[in-house]
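Novice: Take this structure first; my questions come after.
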Amino acid sequence: MADKVLVGTIPLLYVQSITMTEGYRVERILGSRFSQATQPSTKTLTIEAVLLGPDRFATKKALEVLALTSRALLSAAGPALAATGIPVVCGLTLSLDMQITDLRFAQSVQKRDAFDLSMTLQYVPRSSLGALAGEIADMALAAGSAGVPSVPAPGAVPRSPGPPLL
């Protein structure tokens, strides 16, 4: 399982996977046959999680409200969110200017007491100052996590010959 994730003020405790996709704008250099990646053009986070327990309905509704919240309502909801959009905090990134673009819930017979969640968020910078603050926060997260020990490397597993396969 992945780490816990905070989307706005909503904690996702049972995250199965997080995928971050970044795209870059490529432009030709004037008077040359060469091209160069000039700036990031898109940043997308996809979060797969399971909502468990009696709070699953409240969490589902809170995510739906957060996804429907416009910029005007966001500014009324909290002064910090007005300047930065929806913050997403996880082990992979700290992104301040995110907006939910896709939200999918599923329930199955095998998981009657749980909802499967698939959520896509896209980077929508509010201002160049906010974008700079987001990048600084993400770099601080990267620098801070460099000193944190991670899971040790898996040891070699001795293999012994088994019965022949038919």
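Novice: Can you give me the long-range amide H partners of residue 14? Hydrogens built in the peptide plane at 1.01 Å from N, cutoff under 5 Å, separation of 5 or more residues or another chain.
Specialist: Close amide H contacts, sequence-distant or interchain: 50.
Novice: A further question follows. Could you derive backbone 3J(HN,Hα) for region 51-66 from the dihedral phi with the Karplus parameters 6.51, -1.76 and 1.60 (θ = phi - 60°), listing whole Hz in sequence and x where the residue is Gly or Pro?
Specialist: 9, 10, x, x, 7, 4, 5, 5, 5, 4, 5, 5, 5, 5, 5, 5
Novice: Can you list residues whose amide H is under 5 Å from residue 91's amide H, if they're 5+ apart or on another chain and H is modeled 1.01 Å from N?
Specialist: 3
Novice: Going by accessible area, probe 1.4 Å, with all protein chains left in place, what is the ranking of 60, 43, 4, 111, largest first?
Specialist: 4, 111, 60, 43
The values are calculated or read from the model by the stated rules, or taken from the named source; none is laboratory data. No experiment lies behind these values; they were computed from the predicted model shown. Side chains are part of the model used for accessible areas, which takes the heavy atoms of the whole protein and leaves out ligands, DNA and RNA. Shrake-Rupley method; radii C 1.70, N 1.55, O 1.52, S 1.80 Å.
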